[in-house]
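First the structure, in the form of structure tokens, and then the observations on it.
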Amino acid sequence: MPGRASDPGNSLVHFAPEVRDPVVYPIRHGINPPLFRVFVSWSDGNLLNVACLQAPSPVSNATARAAEPEADIGGKVVEVRLGEGDGEINEEQRRRIAYGSVPAFAMLQSRRNSLSMMSRMASSSSFRNEWWQHVLEYSNQIKDLLGPPRLPSSSVIEDSKVVLQQIEEPSSLKAAWELMEIFYVDKQSSAWLPERLVDWLAGYDCILARTETAIYSKLVNVQKKIVKIQVIEDDSEYWEGISSALAVGWLDVVVKLLRLHGSYQLDQLGNRETENGLVEAVAVLVSTMPRMRADLPTGKLGQCCKTKPDFVKAWEKWRGHITKLECSAFWVQCGHRQTREGLRNLLQIMLGNIKNLTTSTCHWMELYISHFLFIRPFSTGLEGMHSLAQKCMQLKPSSNSSGLIGVFMGILGGNTEVVLAECSKAFGPWMVAHAMELLTATDDQADILLHEERYNLGGISMEELHRLVYAQVLSSHPLTWQIAPTYLASCSKQGLGLLEVLLYRQSVHNLRVTLKNLEICRLYELENISACIMKIAGVYYWKHGRRGSGIHWLQQAQDEVRLNRIAQQLFECIGKSISDDSFKQWEGLIELLGSEVGTAGGLEFLHKYRDFKRSLQLVHDKKAADAARQTVESLVQLMRSPSTPRRFWLPLLHDSVHLLNWRGQALLNVSETNLLLSKLQELSMAKLHPDFSNFDLPAQALATVRLALAANLRQAILEES
């Protein structure tokens, strides 16, 4: 499989030869110093097994040594994971994702091949129009695999004081995947790209809150205070949470928090009527904010506009209502300072005041999203997005540079190679191998970049390189190697060669692994490799004493050469002792070898010899003349057959002595008896021949057979005359 070689110029997987700063991995072994010895060995995947042994005690007294604490004796083996990656996902989840993504990937490759054949007869534009829809379906399948959708708020919860849903937080892997789908695949949402980013941040702002302060963490704190504080509008964090939620477009959260204002209580309506009117007016403005998008999910607020003219018209009307409320005289009548200042701050945010937006947001990505909502609501496409992101990063510097941020900036910069590099660094080979389909769905330049054959990569493309790397990762683990062929088969240059290497590396001592190997060969029409695997399995089982299994696999492989050698070994073993007991030990193998003449050369004789021994046994049991005649016919056929080795002539004749001396009649005629006499004469003259063997027969065996043949000849002559 591709890997790092000693010479970087000859390596399949390219790597930079420059020296980098060493990475230090802490080892918590719990052994008291000093350590006597440390052993390091590779485990599965990117795991190292580190064995830490303690120095032997210098105390020679056995009693004193027994008194030492147990912690001071022996050592410990710990596992160390090398490399970076998404620490949110454990090994079990990684394997689930690896297996779950195979059907979607295989289906997409099948559709690519079908559309490629159709595009040769049609225009390339029709291929593009249909292809991105298949990629979008593929992307949705992967998203479902990475986890269920998560929304930060829900208006269907009956408890009015619950602002955020408490469900499992999503992973950065899924967040990065959805970002690439938004920018590279979904053509339908390109017209309302800012709204897609609002939805994305609503689902994944909690990821930013893990390392830095974010709006999500603010709202979590507000939700905790709602239960404890009775007059929530007096708390500054309440208004900060509302303004922050409004800045990133979480309108349902804003309205829900506003409706928790104390002026809505029945005992307060009479005294705080003006204050309640202002709160409700702002809540109505928030809930009717124009949104340029196809539709709104259930529970989301806003006025949906599907076309830009409708959106511009609704936006101007909505802004007019905000300006009118801002200049209203009712603010003077509002006696609650926190409410008055908090509501006017919300109006300034909706009017696009950059100072208020900057104050209300925590992370630069939140400020970035707020620009599209309130400052640049008519923006479409990627124009100016990258420069705006850099400006927001200057206003809200981030102390943590995560892989998700790197992927986002690479996408905004339009640099496919940067996106791939960040995906590889932060999320590993799985992400790169599967995300390339998203990058090339609608971008012709990215398609050319990733499919161009490169000399420095051994004549393969970047797409094939990353698939080979991922297949290498799968092949290194005993639980995932069987899905690596799906990715190797999609690599036209070197995939099939490496697939052959992978299949040959699997051990044949495990029947399930062998059957899986053969199934893979059948799926990818690798008949030659399948035959070789069956030959290897046959030789392995034969050498390890499982002779029946060995013959079975060699027959499946149609390996006539090795089956002939087995037949010769059977000749040797049977020839050493021609007794009935010894023959029974090999009769099952002879049966297994089959009865087809020509399948394995000399096996024809073994089958005839088996039939002869069975007939001979019947003669001994029944003493019947008909059975004796059939046995004699088998004997004559064996002696006439060129496949019968000479070493078996004398044992065959010696076993048939009682047939030659059959009472009352001659079972052999004159010509048949002369044939056997000629064979016997030839055998007596060739005692020094290498094929000759007496098989531990009695010394007088030859004379006994000759005398029996002479008696049969005399009887046959008398009967014929």
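Taking the range 508-522 as the range and being open to solvent by less than 50 Å² (accessible area, probe 1.4 Å) and either outside any helix (DSSP H, G or I) or among the β-branched types (V, I, T) (or both) as the test, the residues that pass are V508, V513, T514, I520.
For the range 297-318, the set of residues classified as open to solvent by less than 60 Å² (accessible area, probe 1.4 Å) and either of a type in the set (A, V, I, L, M) or in contact with a strand residue (DSSP E or B) (Cβ under 9 Å, 6 or more places away or on another chain) (or both) consists of K300, L301, G302, C304, C305, F311, V312, A314, W315, W318, listed by residue number.
On the given criteria, is G352 without any contact (Cβ under 8 Å) to a residue 40 or more places away in the chain and on the phi > 0 side of the Ramachandran plot? Spelling it out, G352 is indeed without any contact (Cβ under 8 Å) to a residue 40 or more places away in the chain and on the phi > 0 side of the Ramachandran plot.
From the list T416, T442, which residue is more than 18 Å from L208 (Cα to Cα), modelled with pLDDT under 85 and of a type in the set (S, T, N, Q)? Talk me through it step by step, then tell me what you get.
Details: T416 fails: modelled with pLDDT under 85.
Matching residue, one of T416, T442: T442.
For the range 599-620, the count of residues that are touching an Asp or Glu at 6+ places or on another chain (Cβ under 9 Å), at pLDDT below 70, β-branched (V, I, T) and over 25 Å from D655 (Cα atoms) is nonzero. Every condition in (1) at pLDDT below 80; (2) out of contact with any Lys or Arg (no Cβ under 7 Å at 6 or more places or on another chain); (3) in a helix (DSSP H, G or I) is met by I157 except one, and the failing one is (3). Contact map, the range 637-663: first residue over 18 Å from L618 (Cβ atoms), second residue part of a loop (DSSP other than H, G, I, E, B) and charged (D, E, K, R), Cβ cut-off under 9 Å, separation 6 or more or different chains; pairs are P645/D691; R646/D691; R647/D691.
Within the range 454-476, residues that are on the phi < 0 side of the Ramachandran plot and in contact (Cβ under 8 Å) with a residue 24 or more places away in the chain have Cβ atoms under 6 Å from residues that are assigned to a helix (DSSP H, G or I) and small (G, A, S) in these pairs: H466/A433; R467/A433; Y470/A433; A471/A484; L474/A484; S475/A484, counting only partners at least 6 apart in sequence or on another chain. Consider I578 carefully, then state whether it is at pLDDT below 80, of a type in the set (V, I, T), part of a loop (DSSP other than H, G, I, E, B) and buried (at least 16 other Cβ atoms within 10 Å of the Cβ). Against the criterion (at pLDDT below 80, of a type in the set (V, I, T), part of a loop (DSSP other than H, G, I, E, B) and buried (at least 16 other Cβ atoms within 10 Å of the Cβ)), I578 qualifies.
In this structure, is L343 out of contact with any His (no Cβ under 7 Å at 6 or more places or on another chain), closer than 20 Å to D234 by Cα and open to solvent by less than 30 Å² (accessible area, probe 1.4 Å)?
Yes, satisfied.
If I ask for residues that are outside any helix (DSSP H, G or I) and surrounded by fewer than 15 Cβ atoms within 10 Å (Cβ to Cβ), which ones from the range 665-677 would you list?
Within the range 665-677, just Q665 meets the criteria.
A count restricted to the range 536-550 and to residues that are crowded, with 19+ Cβ neighbours inside 10 Å, of a type outside the set (A, V, I, L, M) and closer than 15 Å to L518 by Cβ stands at 2.
Filter the range 506-522 down to the residues that are of a type outside the set (S, T, Y) and in contact (Cβ under 8 Å) with a residue 12 or more places away in the chain and list them by number.
In the first step, residues of the range 506-522 are kept if they are of a type outside the set (S, T, Y); the result is 506, 508-513, 515-522.
Correct list: Q506, V508, H509, K516, N517, L518, I520, C521.
Quickly run through the range 523-543 and pick out the residues that are outside any helix (DSSP H, G or I) and free of Cβ contacts under 8 Å to residues at least 24 places away in the same chain. If you could, list the steps in order and put the result at the bottom.
Let us first name the residues in the range 523-543 that are outside any helix (DSSP H, G or I), namely 524-526.
Of everything in the range 523-543, just one residue is outside any helix (DSSP H, G or I) and free of Cβ contacts under 8 Å to residues at least 24 places away in the same chain, namely E525.
Residues are listed down the side, and each one gets a yes or a no for (1) open to solvent by less than 30 Å² (accessible area, probe 1.4 Å); (2) among the basic types (K, R):
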| position | (1), (2) |
| --- | --- |
| R196 | no, yes |
| L201 | yes, no |
| D205 | yes, no |
| Y216 | yes, no |
| V227 | no, no |
| D235 | yes, no |
| Y238 | yes, no |
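Looking at N564, N528, just one residue is surrounded by fewer than 18 Cβ atoms within 10 Å (Cβ to Cβ) and modelled with pLDDT under 85, and that residue is N564. For the range 485-501, enumerate the residues that are part of a helix (DSSP H, G or I) and within 17 Å of I460 (Cβ to Cβ). Of everything in the range 485-501, those that are part of a helix (DSSP H, G or I) and within 17 Å of I460 (Cβ to Cβ) turn out to be Y487, L488, G495, L496, G497, L498, L499, E500, V501. The single condition among (1) part of a helix (DSSP H, G or I); (2) buried (at least 18 other Cβ atoms within 10 Å of the Cβ); (3) among the hydrophobic types (A, V, I, L, M, F, W, C) that I448 does not satisfy is (2). Scanning the range 180-189 for residues that are in a helix (DSSP H, G or I) and surrounded by fewer than 22 Cβ atoms within 10 Å (Cβ to Cβ), we see that the one that is nearest to the chain's Cα centre (by Cα) is I182.
Within the range 272-299, residues that are closer than 22 Å to T323 by Cα have Cβ atoms under 7 Å from residues that are assigned to a helix (DSSP H, G or I) and of a type in the set (V, I, T) in these pairs: E275/T339; V279/T339; A283/V255; L285/I322; V286/V254; V286/V255; S287/V255, counting only partners at least 6 apart in sequence or on another chain. Checked against (1) open to solvent by less than 50 Å² (accessible area, probe 1.4 Å); (2) in contact with a Phe, Trp or Tyr (Cβ under 8 Å, 6 or more places away or on another chain); (3) of a type outside the set (V, I, T), S263 passes all but a single condition, namely (2). May I ask you to list the residues in the range 626-664 that are of a type outside the set (A, V, I, L, M, F, W, C), open to solvent by 30 Å² or more (accessible area, probe 1.4 Å) and closer than 19 Å to A711 by Cα? Answer for the range 626-664, where residues must be of a type outside the set (A, V, I, L, M, F, W, C), open to solvent by 30 Å² or more (accessible area, probe 1.4 Å) and closer than 19 Å to A711 by Cα: R629, E633, H654, D655, H658, N661, R663, G664.
The values are calculated or read from the model by the stated rules, or taken from the named source; none is laboratory data. Keep in mind the model is a prediction, meaning the values are calculated, not measured. All Cβ positions, even for glycine, are placed from backbone atoms using ideal geometry, and neighbour counts span all protein chains on display. These area figures cover heavy atoms from the full protein model, side chains too; ligands, DNA and RNA do not enter into them. Shrake-Rupley method; radii C 1.70, N 1.55, O 1.52, S 1.80 Å.
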